[in-house]
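Before anything else, here's the structure in question.
All of the numbers you see were taken from the coordinates with simple rules; none came from a lab. Everything numeric in this text was worked out from a predicted model, so none of it was measured. FYI the Cβ positions are ideal-geometry reconstructions off the backbone, even for glycines, and counts take in every protein chain you see.
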Amino acid sequence: MDIQQVFLKLLLILFISIASCSKEEVEINVPKRKQELVLYSTIVPLNRYYGNNKTLGIELTTTRYISDTSKIFINDALIMYFENGNLLDTLFYNDTCNCYPIKYSYQYPREGNRYSLEVYLNGDTITTKTYIPSIVEIKDTSLVTASYLDGNTIYSDVSLTFEDPPGEDNFYEICISDMHKIYEDPSEAYNLTTADNVITSESYYPSLMSFNVDKPKYLLFSDKSIKGKQYTINISYQPPVSLVNDTFLIHSHFATIRLRSVTEDYYKFKTSMLMQHYSKKEDMLYGIGEPLNVFSNINGGMGLFAGFNNHVVAFYIPEQKVKEKTK
């Protein structure tokens with residue numbers, strides 16, 4: 001084979017390679033599924049210490065087609081709210097909250113009680129139930145305001161000690177936020193990270209190889225490795241920080257540490273939702289993950305109705321200079 005033939009052969013291989021890498025639009029026909037009712041609500045007892053009690057209500061929407069980003073609230077359902085099998089109230093839609101509010105005072109849920117819903121709409125019925133777990137108190141806490149610097153981000157370290165109730169399966173969620181956090185708004189919670197194996201061994205917790213996923217706002221874990229023991233967890237959060245004249249400054253804020261005792265349904269819903277969220281993030285090494293189904297405890301529909309209990313400890317952090325930025 002002479003040089004000209006070799007050159008033509010290489011040119012042909014190059015052409016085939018380029019042609020095989022060309023992008024073409026591929027239309028995928030995704031069949032539309034029947035819409036299902038989606039119910040979401042979490043309930044918690046009255047907090048007598050920190051004042052900003054959670055607004056209790058039932059949010060009712062429908063499933064949507066994959067390309068539909070709208071959120072349409074269902075406002076003409078009949079919802080019946082039960083405590084320990086006894087009807088407490090019939091709930092009606094309020095467009096101020098886009099929900100079916102649960103009235104306050106005597107209708108705040110109580111520890112150990114069971115709650116259920118029956119929802120009626122256009123001949124369809126969905127049901128669900130939950131309970132309020134026992135509160136688990138934070139026994140001791142400590143906080144180091146400026147623990148370490150990672151790039152342009154400062155981390156504060158928090159340790160909290162609690163005692164896991166023996167003889168039962170328990171599930172927890174940790175959140176750190178300012179004092180008046182809205183419960184359902186993760187933008188008001190601080191980013192968290194930890195090296196504690198009780199949390200990092202959970203399937204939802206992002207691995208060190210997940211370069212472009214955000215730090216979680218909530219840390220969920222079970223008591224499978226700490227059954228009935230007193231345990232101290234060390235975590236770090238990102239406080240509000242700015243860079244002024246080449247100096248890092250931590251702004252004054254509250255670090256409100258919330259240890260939530262949650263139901264198993266709450267734990268399964270939140271962890272599966274986090275796993276789905278992370279799987280949708282594109283990874284530079286492994287590509288996009290497989291789609292995952294989010295857990296639901298709604299019979300005849302989708303979503304979550306779950307109780308939790310909440311113990312809160314708050315620190316006030318005054319504004320302070322942290323460290324000069326090295327050039």
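Net charge near Val119: determine it from the other residues with C-beta under 13 Å of the C-beta of Val119, scoring Lys and Arg +1 and Asp and Glu -1. Don't jump to the answer; show the numbers that get you there.
Working: positive: Lys129; negative: Glu36, Glu59, Asp76, Glu118, Asp124.
Here the count lands on -4.
Still on this structure, I have one more. Report, by chain and number, residues whose modeled amide H sits under 5 Å from the one on Asn113, excluding near sequence neighbours (fewer than 5 apart, same chain).
Correct list: Ile132.
Let me ask something else. Past 21 Å, Cα to Cα, is the threshold; run Lys54/Lys229; Lys54/Lys103; Lys54/Lys129 against it and keep the listed order.
Details: Lys54/Lys229 30 Å; Lys54/Lys103 12 Å; Lys54/Lys129 19 Å.
From Lys54/Lys229; Lys54/Lys103; Lys54/Lys129, over 21 Å: Lys54/Lys229.
Applying the Karplus parametrisation 6.51 cos²θ - 1.76 cosθ + 1.60 with θ = phi - 60° to the phi angles of region 83-100, what ³J(HN,Hα) value in whole Hz is obtained for each residue in order, glycine and proline being reported as x?
Along region 83-100, the couplings run 10, 6, x, 9, 5, 8, 6, 9, 9, 10, 5, 10, 6, 5, 9, 6, 7, 9 Hz.
Residues with amide H under 5 Å of Phe295's amide H, sequence separation 5 or more or different chain, H placed in the peptide plane at 1.01 Å from N; which?
For Phe295, whose amide H was placed from the backbone, the distant partners under 5 Å are Ser272, Met273.
Skipping prolines and chain starts, which residues have an amide H placed within reach, meaning under 5 Å, of the one on Asp89, given they are 5 or more residues away or on another chain?
Excluding prolines and chain starts, which carry no amide H, the hits are Tyr81.
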